[in-house]
Each structure stands twice: as C-alpha cells, then as structure tokens.
Amino acid sequence: MTLHSRSLRTTLWRTATATLLCLLTAHAQAQAQVRWVVDAKGSLAWWQVDPHMNHLWATTCPQEPTWKVGEGHSTGWTNQGAVEAAGESFANVSDTIHVPRYPRPRIRAFCNEALRGQIVLPDTVGWRGAHGEIVVKADRIFTGMRERDAYMHNAVLSVLSYPELKFVLDSLVDMRRSGDTLWGTAMGVFYLRDKSQPVSAAVQAYPISAGIRVFGKFRLPVMDLIKNYGVSRRAMGLGIVLNIWKTMFIGVDMLVRPEKLATGTD
C-alpha cells in the first residue's frame, strides 16, 4: 500500500467519524425534552357557569385579594361580595366575555396546593409530541359559601370517591407567537368522576421572572355533566330542570418551571 493510499484512507475515516458524531449529536439534541412542572403555590384552577347568576364561580385560590365571592357568600371572607348593583341578586346574568370573572393581575405564590402536573415538550418548533397532565384536588375548589361548597364537593363532585379532576394533554395545535407570548389550542381529555370526554382548550403562555405563566380554559355544555360525567340531574337542581344553566367554563392560571429530561424518560 502506498503512502498516498494510506493517507487517503485515514482522511476518509476521520471524515466519516466526524460526520457520524455530528449526526448523533444532532439526533440527541432533537430528542431532548423539557418538562414544565407545575408550581403548586403559584397555580390555581377555576370554574364559572354561564349564566353565572351572580354567584356561580369558584377558585382553588380564594386567598387572591382580587378574587371576589358571589352573592349569598358565607361570613368570614375578607373581600367584598361580587354583586355590583342593587337589585341584581341571583339575576340571570349571561357573560361569556369576562371568563374568569375575576382574573388575577399577577402571580402570588400563596395559593392552596391544589394543582400538580407537568407538560413535556419534545419539539418547540413544530410542537409535535407535546403531552402531559394537570391534576386538580376537587376538595380545594371553593365558591365562598360553606353550604354551597359542601354540596358541590359531596353531591356534584363526590370528592370522597373521586378526589381529583384531570386534564390529559394529547397535542398542541395552531400554535403561534407574538413577541414573547404564545397562543394555541391544547387538545386532550378531561376527567371528572373517573369519566372522560375529549376537549380543546385555548392556551396562552408567556415568560415571567419566576418561570412561565400559562393560561388555559375550555367550555362544556352543562348537560354534559349529566350525560357524560354521571352527575345526577337532582344534584344539579333547578338550574338544569328549568334549563337556565347553559355552559360551564373550566380553566387554570399556572406557574410552571422547566426540568430537563434525559432522552427516553417521561
């Protein structure tokens, strides 16, 4: 073998090795995942019925000073009742714009630890492979009236038998960015009383100093609580019998923080 042939082979070997290493590195980077973990004290869940009758809304963070309890609330709450004009008590008020009715202006990390979960994002360009779940402790949802809360927890949610509500994320679609804010739709499955149905939630996310703030909300026809989730018609009361309640909005306002994952882990 000539010196020229040996040198050519060595060069080709080194080139092939370098190319392979580059491909492996690129593949490893493409497979890297980031898991965004829910900060329980900085996160809350809420629901609101339309028409809300000036009292049909709830939160897992009643400590938030900008949140207000509805008409007929129990004594002992530090914030004012939410009825805004005399004569509107328990009125048939439809409002699909101010949902939730009392959003918090900023995150304060003193909420009940009612949420846990994570969102895994293998691809933040095409948003393929996104998955995760958000779990809410059902007995930590409050309307501000003790009797109403007890009825919700026992007759409607049956928290002793079904202590958690859950949203399982299957995919993110229609994602778009404006500045540092993301908008899109989270496709997934909502579980209540161990029954489920597919839902699509509008999502928004943007960075803050503590991590990423994520909003999500979806709507259910109120009758789905009876037809799909097994809540009794009797438990839902006159709002269903008289066909007053139309829609239930459910949502979250979360603080999430990143956690790097090795390839192949969940």
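What to note about this one:
- Any pair with Cβ under 6 angstrom, 6 or more apart, that starts in segment 43-66 at a residue that is charged (D, E, K, R) and ends at one that is part of a strand (DSSP E or B): Asp50/Thr247
- Failed criterion for Arg148 (all others in (1) under 30 Å from Arg233 (Cβ atoms); (2) in contact with a Gly (Cβ under 7 Å, 6 or more places away or on another chain) hold): (2)
- Test: residue in segment 217-235 that is farther than 21 Å from Ile141 by Cα, touching a residue at least 24 places away in the same chain (Cβ under 8 Å) and exposed (fewer than 14 other Cβ atoms within 10 Å of the Cβ): no
- Among the residues of segment 147-156, those identified as touching a residue at least 60 places away in the same chain (Cβ under 8 Å) and touching a helix residue (DSSP H, G or I) at 6+ places or on another chain (Cβ under 7 Å) are Ala155, Val156.
This table checks each residue for (1) without any contact (Cβ under 8 Å) to a residue 24 or more places away in the chain; (2) buried (at least 17 other Cβ atoms within 10 Å of the Cβ); (3) of a type in the set (Asp, Glu).
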position: Leu172; (1), (2), (3): no, yes, no
position: Thr181; (1), (2), (3): no, no, no
position: Ala202; (1), (2), (3): yes, no, no
position: Leu242; (1), (2), (3): yes, no, no
position: Asp253; (1), (2), (3): no, yes, yes
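- Unmet criterion (only one of (1) part of a strand (DSSP E or B); (2) in contact (Cβ under 8 Å) with a residue 40 or more places away in the chain) for Gly144: (1)
- Only listed residue being among the acidic types (Asp, Glu) and touching a Gly at 6+ places or on another chain (Cβ under 7 Å), chosen from Asp170, Asp194: Asp170
- Qualifying residue in segment 89-96 (condition: at pLDDT below 65 and either on the phi > 0 side of the Ramachandran plot or in the same structural domain as Ala210 (by TED's automatic domain parsing) (or both)): yes
The values are calculated or read from the model by the stated rules, or taken from the named source; none is laboratory data. Note that the structure is a prediction, hence the values are computed from the model and not measured. Quick reminder, even Gly has a Cβ in these numbers, built from the backbone with ideal geometry, and neighbours come from all protein chains shown.
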